[in-house]
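Novice: First, the structure itself, so that you have it in front of you.
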Amino acid sequence: MPLRWTSNLRFAAHAGGVKGLSDVWRNFRRMPVLLKLLSVHGCICLIGAIFTLTPLATFRIDGRRVTYSDWWLTGPGASVFFALAVIGAATLCLLLRVRLAEVYYTFSVAIALLVLHVSEAGIAVILSAIAFLVCVYAYLRFSSGVRRYLVASGP
């Protein structure tokens with residue numbers, strides 16, 4: 001007897017594998033082009049979050065050698081991981097057509113910008129970040145293509 005879990009995620013796990021993965025791919029193909037680009041960006045963020053967890057010997061930031069322990073002990077490791085993971089999770093909500101996914105995605109970008117210390121940047125960076133958030137929200141909330149994609153009855 002297959003195990004079935006249904007909710008807003010429209011996800012079903014069966015004994016033979018995860019049906020939801022094929023649904024995600026089908027949903028991705030049905031997305032409008034700009035929403036596909038945002039989803040690819042979110043998937044790259046999710047991959048980046050995974051790579052943040054993997055121990056690298058050393059790497060350089062602005063010419064300064066940084067070890068894996070420095071990366072996590074001085075703070076940027078946790079904040080970068082959190083920012084990337086939040087955007088990745090919101091992207092999965094878009095791919096699974098979760099109710100209010102566009103709001104989750106917008107808030108995830110806002111949280112990521114706050115976590116990555118945009119508040120310490122100059123006024124031009126802050127204003128451009130706010131403009132970006134407004135544009136992303138307006139597109140996700142008011143685009144007819146996005147609305148059709150998100151309210152479609154399923155994969």
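Novice: Between region 39-86 and region 90-145, how far is it from one alpha carbon centroid to the other, in angstrom?
Specialist: That distance is 21 Å.
Novice: How far apart, in nm, are two points set 7 Å out from the Cα along the Cα-to-Cβ line at Leu133 and at Leu73?
Specialist: 3.4
Novice: Here is a further query. Write down the accessible area per residue of region 23-155 in Å², having rolled a 1.4 Å probe over the full set of protein chains. Write out the running numbers ahead of the final one.
Specialist: Numbers: 7710 Å² over 133 residues.
Accessible area per residue, region 23-155: 58 Å².
The values are calculated or read from the model by the stated rules, or taken from the named source; none is laboratory data. For clarity, every value in this text was computed on a predicted model and none was experimentally measured. For neighbour counting, all protein chains shown are included, and Cβ atoms are generated from backbone atoms with ideal geometry for every residue, glycine included. Only protein heavy atoms, including side chains, enter the accessible area calculation; ligands, DNA and RNA are left aside. Shrake-Rupley method; radii C 1.70, N 1.55, O 1.52, S 1.80 Å.
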